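Participant: Sharing a structure here in structure tokens format.
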Amino acid sequence: MVDGAVLIMRKKTFREKLERDLVLLDGAFGTYAEFLGLSNENFKDNPGCMEYLSVASPDFIRKIHNDYLESGSDAVETNSFGANVIKLAEYGLAKKVYELNLSAAKIARSAADQFSSETHLKYVVGAMGPTGKLPSSTDPVLGNITTSELVKVFYEQAIGLIDGGVDALLVETGQDVLEMKCAVIGIKEAIKERRRDIVIMTESTLSNNGRMLLGTEISVCMTVFAYMGVDVIGINCSTGPVEMERTIANLSKNCPTFFSAVPNAGLPIESAGKTIYPLSPSEMARILSGFVNKYSLDVIGGCCGTTPAHIKAIRETLGKCKKRKRPGNRHYASFYKSFDLKEIKRPLKIGERINTQGSKHTKDLLKAENYDGIVELGKLEEKQGAGILDVCSVLTERRTEKKDSLVITKRLSESVEIPLMIDSTDYAVIESSVENYPGTAFINSVNLEDGGEKARKVYALSKKHGSFVVNLAIDERGMAKTFERKIDIAKRLYDIAVNEYKLESHRLLFDLLTFTLGTGEKEYADAAINTFSAIRMFKKLFPETLTVLGVSNISFGLQKEARKIINMVFLYHAVKAGLDTAIVNPSEYIEYKDIDKKECKLAEDLIFNSRQDALERIIEHFSNKKPLGKDASNAKVQKMFGIKETLQNCIFERDKIKVTEFVDKALEKYSPQEIINDILIDAMKTVGEKLDSGEMVLPYVLQSAEVMRKAMEHLNKFFPHDASKQKGTVLLATVFGDVHDIGKNLVKMILQNNGFSVIDLGKQVSVARIIEEAKRNKVDVIGLSALLVSTARYMKECVNEMHKGGLNFPLIIGGAPINERFAGEISYVNGENLYAGGVFYAKDAFKGLSLVQSLTNAEKKKEILELYHKGIE
């Protein structure tokens, strides 16, 4: 690059471009490379590894960049989508991470600089795709990586890209929000080390139901990534622009940062044996330019199926960019959903039961390592109205708090739709759990007992991960009991958090403390009054902050029935004073209007210290009052629904605790075979339908499958020995050249949980090995997966080779570029002879399960193959 160009590039940064103009990115890389005639010769000694082209065929990569820049792109993405150590290891290139990213960035940089002029600068965006891991998942295969390992993976990739001269780093095609968080953290570490001003961008990929793979809504990405300091938040891939419009409208209205949309050229279809994307350049340009005018997009571009012709048409169609006013971010988020603080109903209830210090039941569950029981308790609190779950896992009997907190955090995060509050005095425990939480964790808590040393560490952690923090009115002298000390300590904490660590004030919850009125000590007689006054004053001073109280502290030491009433009356008046959130047992929550008037007056006399004998009167009143009995919940459920519906409800509710009990009840009325065929399988079919419609998220589906497996294992002992054997054997593989196996792994889980034996050959499996293993293991069905258009051809090769060898294994195929038409076309060898074993398309894991069930049942297999040979299937 000449010196003059250097001066040009320094005049207007990519960040400044974003502030003033629309940024038009380039189009597809892989599909355009195929169009240009990409062959094995281009890859040299690493066939199939697109990222290796940067060193094997740099001129080929340069041409792609040049074509897009010539067509009007403002920026080009580097050839580094899969250039992370996990993906490169699949090709034996794990040690080439820095070299490949550096080369990719340098090629793009050179092209961009060549096409830059004084009035039109061109930029480089470093592309960083997913690793194929799903750290949010508790499944040992899907989630088999730590967040610290992932941070390092993305840090290493970012270093190479930064050194190569990128202007921005884009985490694209995100499938797991926690993996994307790790990527952002790794990028920020690299930026800090290299001391460069690099724009950070994230783009998630959504299914047709508008959620990410594991069920996360785009609102979560907006909330989390904005707090983490991401500059551009958006979506890419998966669908065409029309299918994206609802999400684009949502981003336009609610995204607190710049936002982007990079769609495919429509949804893929099959034509003459090839997968194509149907939107023409003019059609795509018309739609996207309309979106720019309607929604004020900041960044647009093209993904799969788009070409320089699409980019040229978009450039020619675009009018003047109108920048929108970006809204503020006053949200918090769980793994699945984001919640608007402006819309919460006060008090927001924080469930207190998953706390080993306050609940003997939880403590017993944890000591027994009954994590399923703890998860069910969390789900119950959510049903009872909790908006956040407090999680404390410290045990005096063993020093395993860090491990226990991590397990519970991960299990609960994918099992409930509300956020978690990590409750610990140990910073290492807080750090570990927050690092592994996909949403905006609430940290409970910090104080000034040590002068603020721990508070500062927690504020820094919160800044890094986008968390909220509970602040206790405690300093070097101890807990604040008076109004004045409560305010003074809270102000000190506020100053450190907001002015030193730049945390938004609405991410701070202040607990101004209250003390029990159950002792009769004069020192605490005005405890409630002081708390109300402090809340009122603090909200006046800092109206954007939130307030919180551990409500049950006010009645500690009194009878259980008395505590319920005192707690609720106290809570009512605290909310009137300005309390926003309350740590309570949601099952004991009572509206003020529903409290017995006499008991309400007794409680208020004590709370407001209006009678000297208030405590004695409370004790006397409740001493003769018997607690209300508990209904037998299981009996109630059975009475409402009947045992068939009750057992199916266990599947829907993912209840591993009660399922065997209900199986035993069902055995009184049904045979084991009837329970499996007419109840359990029928329930899982409904689960699949709920996933397809968007009513159920993927982690819930997998949990339902786990419940199904537990029921099946329990039923096995009621079958004769031979009848309880595996139903059939399925061989699964991702085809050669493809390193994407998330979909295959989901199919594996569903099949195993439904009693099938699975032989998993992994990723990048050759046709020869697939056939060899199928013959050796005498499998009943072969299942093949592909995510790339370029690798789907190996499915056809597999059909041809099996036909040539006289084999008749039924073949089920699936993946993003696969459809019914493709299955039909590859069923014919050389366009003439129909493959005898049958080729079937499964659009998802549950369709795959249904096909396997049919193909492993002699009678149903005969029927399905007859349809296939008639050409109906």
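The values are calculated or read from the model by the stated rules, or taken from the named source; none is laboratory data. Everything quoted here is computed from the prediction, not taken from an experiment. Don't worry about glycine lacking a Cβ; one is built from the backbone with ideal geometry, like all the others, and counts go over all protein chains shown. Heads up: the accessible areas ignore ligands, DNA and RNA and are worked out on the full protein's heavy atoms, side chains in. Shrake-Rupley method; radii C 1.70, N 1.55, O 1.52, S 1.80 Å.
Participant: Tell me, please, whether a residue that is aromatic (Phe, Trp, Tyr), in contact with a Cys (Cβ under 7 Å, 6 or more places away or on another chain), open to solvent by less than 20 Å² (accessible area, probe 1.4 Å) and modelled with pLDDT under 95 can be found in segment 35-46.
Facilitator: Yes, the conditions are met somewhere in segment 35-46.
Participant: Could you please find all residues in segment 87-121 being surrounded by fewer than 23 Cβ atoms within 10 Å (Cβ to Cβ) and either farther than 22 Å from Tyr155 by Cβ or small (Gly, Ala, Ser) (or both)?
Facilitator: Once the filter is applied, which keeps residues that are surrounded by fewer than 23 Cβ atoms within 10 Å (Cβ to Cβ) and either farther than 22 Å from Tyr155 by Cβ or small (Gly, Ala, Ser) (or both), segment 87-121 yields Ala89, Gly92, Ala94, Ser110, Asp113, Gln114, Phe115, Ser116, Ser117, Glu118, Thr119, His120.
Participant: From the set of residues in segment 752-767 that are outside any loop (DSSP other than H, G, I, E, B) and more than 24 Å from Leu38 (Cα to Cα), which is modelled with the lowest pLDDT?
Facilitator: Among those that are outside any loop (DSSP other than H, G, I, E, B) and more than 24 Å from Leu38 (Cα to Cα), it is Asn753.
Participant: Please work out which residue is nearest to Cys221 (Cα to Cα), limiting yourself to segment 425-484 and to residues that are of a type in the set (Asp, Glu) and in a loop (DSSP other than H, G, I, E, B).
Facilitator: Of everything passing the filter in segment 425-484, Asp426 is nearest to Cys221 (Cα to Cα).
Participant: While we're here: Suppose we keep only residues that are assigned to a helix (DSSP H, G or I) and among the acidic types (Asp, Glu) within segment 829-873. Which one would you say is nearest to Met795 (Cα to Cα)?
Facilitator: For segment 829-873, the residue satisfying everything is Glu866.
Participant: Here's another thing I want to ask about it. State yes or no: is Ala723 modelled with pLDDT under 85, of a type in the set (A, V, I, L, M, F, W, C) and either surrounded by 14 or more Cβ atoms within 10 Å (Cβ to Cβ) or part of a helix (DSSP H, G or I) (or both)?
Facilitator: The answer is yes for Ala723.
Participant: May I ask you to list pairs of residues, at least six apart or on different chains, whose Cβ atoms are under 6 Å apart, with the first in segment 531-545 being touching a residue at least 24 places away in the same chain (Cβ under 8 Å) and the second being open to solvent by 40 Å² or more (accessible area, probe 1.4 Å) and hydrophobic (A, V, I, L, M, F, W, C)?
Facilitator: Sorted first by the residue in segment 531-545, then by its partner, the pairs are Ser533/Phe483; Ala534/Phe483.
Participant: Please go through segment 424-444 and give me each residue that is within 22 Å of Glu382 (Cα to Cα) and more than 22 Å from the chain's Cα centre (by Cα), ordered by number.
Facilitator: Ser424, Asn444
Participant: Continuing with this model, one more query. Just the residues that are in contact (Cβ under 8 Å) with a residue 40 or more places away in the chain and either touching a strand residue (DSSP E or B) at 6+ places or on another chain (Cβ under 6 Å) or β-branched (Val, Ile, Thr) (or both), please, taken from segment 451-487.
Facilitator: Scanning segment 451-487 gives Ala455, Ser462, Ser467, Phe468, Val469, Val470, Asn471, Leu472, Thr482, Ile487.
Participant: Would you be able to say whether some residue in segment 260-268 is within 21 Å of the chain's Cα centre (by Cα), closer than 19 Å to Ser338 by Cβ and not aliphatic (A, V, I, L, M)?
Facilitator: yes
Participant: Here is a further query. Assigned to a helix (DSSP H, G or I) and open to solvent by 40 Å² or more (accessible area, probe 1.4 Å), is that true of Asn553?
Facilitator: yes
Matching residues to (1) at pLDDT 85 or above; (2) part of a helix (DSSP H, G or I); (3) closer than 30 Å to Val416 by Cα; (4) out of contact with any Ser or Thr (no Cβ under 9 Å at 6 or more places or on another chain):
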| residue | (1), (2), (3), (4) |
| --- | --- |
| Glu689 | no, yes, yes, yes |
| Tyr700 | yes, yes, yes, no |
| Ser704 | yes, yes, yes, yes |
| Ala733 | yes, no, no, no |
| Gly743 | no, yes, yes, no |
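Participant: Please go through segment 488-506 and pick out each residue that is over 12 Å from Val446 (Cβ atoms) and either without any contact (Cβ under 8 Å) to a residue 40 or more places away in the chain or buried (at least 19 other Cβ atoms within 10 Å of the Cβ) (or both).
Facilitator: Passing the criteria: Asp488, Asp495, Val498, Asn499, Lys502, His506.
Participant: Thr306 - would you say it is in contact (Cβ under 8 Å) with a residue 24 or more places away in the chain, more than 30 Å from Ser555 (Cα to Cα), open to solvent by 10 Å² or more (accessible area, probe 1.4 Å) and polar (S, T, N, Q)?
Facilitator: Against the criterion (in contact (Cβ under 8 Å) with a residue 24 or more places away in the chain, more than 30 Å from Ser555 (Cα to Cα), open to solvent by 10 Å² or more (accessible area, probe 1.4 Å) and polar (S, T, N, Q)), Thr306 does not qualify.
Participant: What are the residue pairs meeting all of these: first residue in segment 747-758, first residue touching a residue at least 40 places away in the same chain (Cβ under 8 Å), second residue β-branched (Val, Ile, Thr) and buried (at least 22 other Cβ atoms within 10 Å of the Cβ), Cβ atoms under 7 Å, and 6 or more apart or on different chains?
Facilitator: Leu751/Val730; Leu751/Val852; Phe756/Val730; Phe756/Val852
Participant: Enumerate the strands (runs of 3 or more DSSP E) found wholly within segment 239-311, keeping only those where 3 or more residues are closer than 28 Å to Gly824 by Cα.
Facilitator: Here the list reads 269-271, 274-276.
Participant: Another question, then. What number of residues within segment 556-576 satisfy the criterion of being open to solvent by 10 Å² or more (accessible area, probe 1.4 Å), of a type outside the set (Asp, Glu) and assigned to a helix (DSSP H, G or I)?
Facilitator: Residues meeting the conditions: 10.
Participant: Moving to a separate point now. Just the residues that are of a type in the set (A, V, I, L, M, F, W, C) and either open to solvent by 30 Å² or more (accessible area, probe 1.4 Å) or in contact with a strand residue (DSSP E or B) (Cβ under 9 Å, 6 or more places away or on another chain) (or both), please, taken from segment 122-144.
Facilitator: Val124, Val125, Ala127, Met128, Val141
Participant: Restricting attention to segment 166-221, which residues are within 22 Å of Glu16 (Cβ to Cβ), open to solvent by 20 Å² or more (accessible area, probe 1.4 Å) and in contact (Cβ under 8 Å) with a residue 24 or more places away in the chain?
Facilitator: Asp167, Lys188, Ile191, Arg194, Arg196, Asp197 - these are the residues of segment 166-221 that are within 22 Å of Glu16 (Cβ to Cβ), open to solvent by 20 Å² or more (accessible area, probe 1.4 Å) and in contact (Cβ under 8 Å) with a residue 24 or more places away in the chain.
Participant: Let me confirm something: among Lys778, Lys763, which residue is open to solvent by 20 Å² or more (accessible area, probe 1.4 Å) and in contact with a His (Cβ under 9 Å, 6 or more places away or on another chain)?
Facilitator: Among Lys778, Lys763, only Lys763 is open to solvent by 20 Å² or more (accessible area, probe 1.4 Å) and in contact with a His (Cβ under 9 Å, 6 or more places away or on another chain).
Participant: Looking at segment 368-412, which of its residues are open to solvent by 40 Å² or more (accessible area, probe 1.4 Å) and of a type in the set (A, V, I, L, M)?
Facilitator: Within segment 368-412, Ala368, Leu380, Val394, Leu406, Val407 qualify.
Participant: Cβ-Cβ distance below 6 Å, separation of 6 or more or different chains: which pairs start in segment 439-450 with a residue that is surrounded by 24 or more Cβ atoms within 10 Å (Cβ to Cβ) and end on one that is of a type in the set (Gly, Ala, Ser)?
Facilitator: Listed pairs, sorted by first residue: Gly439/Ala333; Gly439/Ser334; Thr440/Ala333; Thr440/Gly466; Thr440/Ser467; Ala441/Ser467; Ile443/Ser467; Val446/Ala455.
Participant: Next question. Tell me which of these Asn471 doesn't satisfy, since it passes every other one: (1) surrounded by 16 or more Cβ atoms within 10 Å (Cβ to Cβ); (2) at pLDDT below 95.
Facilitator: (2)
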